[in-house]
Amino acid sequence: MALINTKANRTPEKLILAIDIGGTKMAVGLVDGDGDATHVDRTPSPANQRGDAMWDALNRLLDEVLQSAGNPKITGVGVGCAGPMIWPEGVVSPTNIVGWREFPLRRKLKERFVDLPVRLHNDAICMAIAENWKGAAAGHDNALGMVVSTGVGGGLIVGGRLVDGGFGNAGHIGHIVIDPSGPACRCGGRGCLEAISRGPATVAWAVEEGWTPSDSGDPLDGKTLADDARNGDEIAIAAFRRAGSAVGVGLASVAALLDLDIAVIGGGLVQSGDLLMTPIKQAFAEHAGMTFVKRMKIVPAELDQLAGVVGAAALFADGDRYWSPVD
Ligand SMILES: [Zn+2]
């Protein structure tokens with residue numbers, strides 16, 4: 001029987017208050033059941049301050065967004081937060097947020113939003129499920145979403161469901177080992193993908209090789225490096241080749257392990273376009289042997305700035321596709 005979907009007979013819309021918290025900025029918005037985000041607002045994270053600065057800034061942002069939207073009826077609170085964290089309890093200790101060490105973010109939000117379910121996951125996982133729900137990996141039941149930025153993170157959808165692992169950490173592609181004798185990683189390991197390919201490591205490598213910005217007033221960062229690479233600076237080009245190759249090698253291993261349809265790559269360094277994507281695809285093609293490995297598509301992320309907010313809301317999407325704990 002076909003249901004006539006008019007405003008009059010529709011069941012109340014799902015409306016999720018979605019929160020995306022990182023070391024640089026935090027974002028809050030409202031996301032409906034179709035994945036459409038409205039009233040999205042951002043504020044810089046007071047990440048270097050101790051004490052309650054982060055929590056206070058988050059509450060001010062929540063107040064502003066809820067007021068600007070006319071205090072609508074919301075059905076859940078979804079949160080993506082930088083890790084590490086104890087999951088699913090949502091006790092967070094983000095590396096780049098010094099004021100939050102074992103901060104009970106999920107419990108604090110439950111205290112503020114009594115009667116509403118609060119779900120919280122790693123921000124890279126939220127990016128991956130956002131791309132699977134409404135972005136470049138939509139329609140694929142076997143997908144990796146990953147971010148190459150200040151860090152390298154990711155999340156996995158296998159067999160149509162988010163894979164959590166024992167403590168919610170599955171999909172940490174940044175810490176698969178690419179080069180056993182490679183650089184030390186801030187995780188305590190050595191030769192991890194993140195230690196080689198993250199933005200600051202790529203810039204540091206270029207500097208070690210003798211790169212200086214062609215415009216001496218420009219900062220030593222990924223954007224300047226990308227500009228110089230586009231202008232033909234050979235060290236800058238080699239730095240992107242090195243970072244991208246490591247990602248491509250890692251992707252070949254991941255595709256072999258999991259038989260994936262697609263890998264979606266987002267984050268600052270991917271904004272540099274072909275500079276990173278071309279060496280990623282070349283290295284993948286070199287190392288992917290079997291037909292089922294080769295078949296994995298590698299594409300840039302689509303949701304970009306909104307991925308964190310949409311992904312936080314996705315924790316409530318499609319039943320329990322992206323959320324398995326008993327609330
Ligand atoms: Zn590592």
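The values are calculated or read from the model by the stated rules, or taken from the named source; none is laboratory data. Note that the structure is a prediction, hence the values are computed from the model and not measured. Positions of Cβ are backbone-derived with ideal geometry, glycine not excepted, and every protein chain shown enters the neighbour counts. Heads up: the accessible areas ignore ligands, DNA and RNA and are worked out on the full protein's heavy atoms, side chains in. Shrake-Rupley method; radii C 1.70, N 1.55, O 1.52, S 1.80 Å.
For this structure, a couple of remarks:
- With Cα atoms defining each centre, segment 82-115 and segment 151-196 are spaced 21 Å apart in the structure.
- The alpha-carbon of K281 sits under 23 angstrom from the alpha-carbons of these lysines, leaving out residues fewer than 8 places away in its chain: K223, K294, K297.
- Note on the chain: dipole from Cβ charges, positive end direction compared against M146, T212, L62; the farthest Cα belongs to L62.
- Nearest-ten-degree value, helix 199-208 long axis tilted from longest Cα axis of the chain: 20 degrees
- Length gained on full extension, D63 to K14: 15.7 nm, using 0.36 nm per residue less the C-alpha separation.
- By the rule of a C-alpha distance below 22 Å, with chain neighbours fewer than 8 residues away ignored, the lysines paired with K14 are K73, K110, K134.
- DSSP-assigned coil residues among trypsin sites (Lys or Arg not before Pro) in segment 96-125, each with at most 13 further Cβ atoms within 10 Å: R101
- Normalised per residue, the accessible area of the chain is 46 Å², obtained with a 1.4 Å probe and no contribution from ligands, DNA or RNA.
- Whole-percent carbon and sulfur share, accessible surface of segment 17-167, 1.4 Å: 47 percent
- Top of D233, D115, D123 by mean-square fluctuation, Gaussian network on the chain, Cα under 10 Å: D115
- Distance between modelled label sites at T212 and N96, nm, 7 Å Cα→Cβ extension: 2.8 nm
- Stretchable slack from A256 to C187, in nm (0.36 nm times residue separation minus alpha-carbon distance): 22.4 nm
- The angle between the Cα long axis of helix 274-287 and the longest principal axis of the Cα atoms of the chain comes to about 80 degrees, rounded to the nearest 10.
- Calculated mean residue ellipticity, 222 nm, the chain: -10500 deg cm²/dmol, from DSSP H runs (n ≥ 4) at -39500 (n - 2.57) each, averaged per residue and rounded to 500.
- Angle between the chain longest axis and helix 123-134 axis [Cα atoms, degrees, rounded to 10]: 70 degrees
- Under the shape rule built on the C-alpha gyration tensor, where the axes satisfy a ≥ b ≥ c, segment 35-178 is oblate, since a/c reaches at least 1.5 while a/b does not exceed b/c.
- Percent accessible area from carbon and sulfur atoms, segment 182-327, protein chains only, probe 1.4 Å: 52 percent
- Sequence ranges 78-85, 65-72, 250-257, 299-306, ranked by mean other-Cβ count within 10 angstrom, highest first: 78-85, 250-257, 299-306, 65-72
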